[in-house]
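Derivation of every value follows stated rules applied to the coordinates shown; laboratory data play no part. Quick caveat, the model's predicted, so the values are computed rather than measured. Here Cβ is always computed from backbone atoms with ideal geometry, including for glycine, and neighbour counts include all displayed protein chains.
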């Protein structure tokens, strides 16, 4: 999802080339009558009709050639490290993206991290919010992706991932964005959730902690 500035207010573009499958209807807000339709088209049409909006759906995946020169906030909800690496490339260097919010999950845990990519807008600074790829380089290492195909079985899909992990992470991510939009600052810039252990933790805005995380993960400081 890409959110960008607009003269009349917030404008959102939702990008995803995936189509709705029967297994998506098990725990996602899709019906069997929407199977084979593009996910972003269905979701954006619902929002536009309900709220009288003019948001846009693009049934394509983001590529490294995608210009993000007028995008303020990029929200990535991807399921591969390769896809996250593309977002990193599109938001760095000459991009004008202010924030990149990454939301990722495993079978029963996940993270949400709001960062300020090092680019044309965000210069080097001690208090610049570090992105997920800076703190955790393995998150963009495509060699660690598994090549398993999506399951055709609803039961197998539920076995692979706990039913509510994505919803819990989504609510936390939205609460963080709400704090940023409402107050213009954040008291933390991410967190971690583990449903199996029933615990979690937050990622404070702390340059010393960032340095320790990067040293531990072998990232360049």
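Before moving on, here are some points about what is shown:
- Prolate/oblate/rounded label for the range 96-135 (Cα gyration tensor, a/c 1.5): prolate
- Gyration tensor verdict on the chain (Cα atoms; rounded if a/c is under 1.5, prolate if a/b is larger than b/c, oblate otherwise): oblate
- As a rough guide to protection, the peptides 21-29, 186-194 ranked by mean Cβ packing within 10 Å, highest first, stand as 186-194, 21-29.
- Förster radius 45 Å - calculated FRET efficiency between residue 192 and residue 19, Cβ distance, rounded to 0.05: 0.90
- Antiparallel bridges, percent of DSSP beta bridges restricted to the chain (to nearest 5): 75 percent
- Estimated [θ] at 222 nm from DSSP helical runs (n ≥ 4, -39500 (n - 2.57)) normalised by residues in the chain, nearest 500: -9000 deg cm²/dmol
- Global geometry of the range 167-221, whether rounded, prolate or oblate, following the gyration tensor of its Cα atoms and the 1.5 cut on a/c: oblate
- Label-point separation in nm, residue 125 to residue 106, each point 7 Å along Cα→Cβ: 3.3 nm
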